[in-house]
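Okay, so here's the structure we're looking at.
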Amino acid sequence: MRVYETEIASRLMLGTAQYPSPATLAEAFRRSGAGIATVSVRREAGGERAGAAFWDLVRELGVTVLPNTAGCHSVREAVTTAQMARELFDTAWIKLEVIGHADTLQPDPFGLVEAARILTEDGFQVFPYTTEDVVLAERLLQAGCEVLMPWGAPIGTGLGLTNIYGLRTLRAQFPDVPMVVDAGLGLPSQATMAMEMGFDAVLLNTAVAKAGDPAAMAEGFARAVEAGRLAFEADPMEPRDMAAPSTPVIGKAFLS
Amino acid sequence: MKITVNGTETEVQGDTLAAALDELGYGEAKVATAVNEAFVPATARDRALSPGDRVEIVAPRQGG
């Protein structure tokens with residue numbers, strides 16, 4: 001897939017949070033084949049140097065980083081966080097989150113569009129964390145976004161694709177816009193479903209990091225994403241209500 | 001003067017952001033900064049601080 005004139009080889013993007021250890025994180029990335037890792041910025045105390053240690057770990061993964069504005073609830077907060085992330089990670093990419101609701105972590109659509117416009121004008125390449133709303137999608141594209149990241153379900157729930165109809169509609173409305181299903185996936189089968197529907201990639205974190213064996217789950221998702229993509233490209237058969245024999249009817253021995 | 005650093009009231013002697021960072025032990029740390037909710041690029045840390053300024057200092061972290 002191609003996003004902001006960058007060719008992205010792997011259709012699985014992986015978060016870096018919540019792993020039991022740095023070694024597990026590294027092993028999960030290795031087995032996932034993910035080419036993009038999401039990262040964040042957080043407060044650091046004087047003399048702490050945790051940021052430098054984490055940055056060394058990420059560089060050893062050999063992946064492209066996609067910083068986020070996770071936890072930001074206002075446009076100003078998200079914009080300032082994005083600017084700090086751009087300097088720290090030396091990238092124009094930003095996974096833009098403007099959260100509007102504390103319990104569902106649902107994006108604030110109004111703040112999201114405003115922040116996307118401000119950041120795009122400032123030279124950022126925005127990956128907006130959005131819902132399946134087609135009107136919001138249209139506004140984000142008008143604001144300069146060249147990729148959309150609709151949620152499957154609220155962050156960290158593992159519920160999968162909770163609004164299949166909405167996601168299918170979004171995919172169909174903007175067939176040429178790269179789309180990444182971001183958040184809410186819990187199982188590889190759900191990732192396969194998203195890929196079969198024609199989404200270009202999936203982004204997940206908790207489903208891998210919180211699995212009993214994160215590295216094995218990472219590989220499970222990698223295979224699931226590949227299977228779903230192959231199926232989409234293979235042009236699946238149309239489902240039908242009535243049975244249709246697959247074995248030829250003609251030539252069957254007449255034995256009754 | 002008293003400023004707020006990452007949410008904690010802090011006494012600093014220096015009168016610029018660069019001086020405060022040095023004084024608080026950030027040295028060559030990989031950090032980015034904001035003062036009063038506005039981003040301050042690394043190249044602009046000679047910016048003067050005033051009493052009561054809210055300084056945020058962040059570094060790379062795990063994220064989803």
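The values are calculated or read from the model by the stated rules, or taken from the named source; none is laboratory data. If you're wondering where the values come from, they're calculated on a predicted model, not measured in any experiment. Every residue, glycine as well, gets a Cβ built from its backbone with ideal geometry; the counts of neighbours run over all protein chains shown. Please note that ligands, DNA and RNA were not included when accessible areas were found on the heavy atoms of the full protein model with its side chains. Shrake-Rupley method; radii C 1.70, N 1.55, O 1.52, S 1.80 Å.
Observations on the structure shown:
- Chain A contacts chain B over a buried accessible area of about 2400 Å², both sides summed; the probe is 1.4 Å and only protein chains count.
- At the listed q of 0.17, 0.28, 0.31, 0.32 Å⁻¹, the Debye profile of region A:73-122, built from one uniform point per Cα, gives log10 I(q)/I(0) equal to -0.47, -1.04, -1.17, -1.21.
- A full extension of the chain between A:LEU141 and A:ARG223 corresponds to an added length of 26.4 nm, given 0.36 nm per residue minus the alpha carbon distance.
- Cβ-based net charge around A:ALA92, under 13 Å, with every Lys or Arg adding one and every Asp or Glu removing one: -4
- Cα-based helix-to-principal-axis angle, A:214-233 vs chain A, degrees rounded to 10: 60 degrees
- Helix-only CD estimate at 222 nm, as mean residue ellipticity for the protein assembly as shown, using -39500 (n - 2.57) per DSSP H run (n ≥ 4): -10500 deg cm²/dmol
- Alpha carbon centroid spacing (whole Å) that separates region A:16-81 from region B:6-64: 20 Å
- Positive-end residue, the protein assembly as shown charge dipole about Cα centroid, Cβ charges, pick of A:TYR4, A:LEU159, A:VAL75: A:LEU159
- When Rg and the Kirkwood Rh are both derived from Cα coordinates, the Rg/Rh ratio for region B:2-58 amounts to 0.89.
- Using R0 = 35 Å, the C-beta based FRET efficiency linking A:ALA216 and B:GLU28 works out to 0.35.
- Chain A, accessible surface, carbon-and-sulfur percent (1.4 angstrom probe): 54 percent
- When only alpha carbons of the protein assembly as shown are considered, Rg and Dmax amount to 22.9, 102 Å.
- Residues in chain A average 48 Å² of solvent-accessible surface per residue, probe 1.4 Å, ligands and nucleic acids excluded.
- Estimated inter-spin distance, A:LYS252 and A:VAL134, nm [label 7 Å along Cα→Cβ]: 4.3 nm
- From phi via Karplus (6.51, -1.76, 1.60), per-residue ³J(HN,Hα) for region A:237-242 in Hz, x at Gly/Pro: 5, 7, x, 9, 7, 9
- Stokes-Einstein translational diffusion, region A:193-256 - Kirkwood Rh over all Cα pairs, 1.567 mPa s, 4 °C, in µm²/s: 85 µm²/s
- Placing +1 on each Lys and Arg Cβ and -1 on each Asp and Glu Cβ, with no other charges, gives region B:2-58 a dipole about its Cα centre of roughly 140 debye.
- Normalised per residue, the accessible area of region B:6-64 is 47 Å², obtained with a 1.4 Å probe and no contribution from ligands, DNA or RNA.
- On the basis of the beta-carbon distance and an R0 of 51 Å, B:ASN6 and A:MET242 show a calculated FRET efficiency of 0.20.
- Cα-centre dipole for the protein assembly as shown with unit charges at Cβ (Lys and Arg positive, Asp and Glu negative), debye to 20: 780 debye
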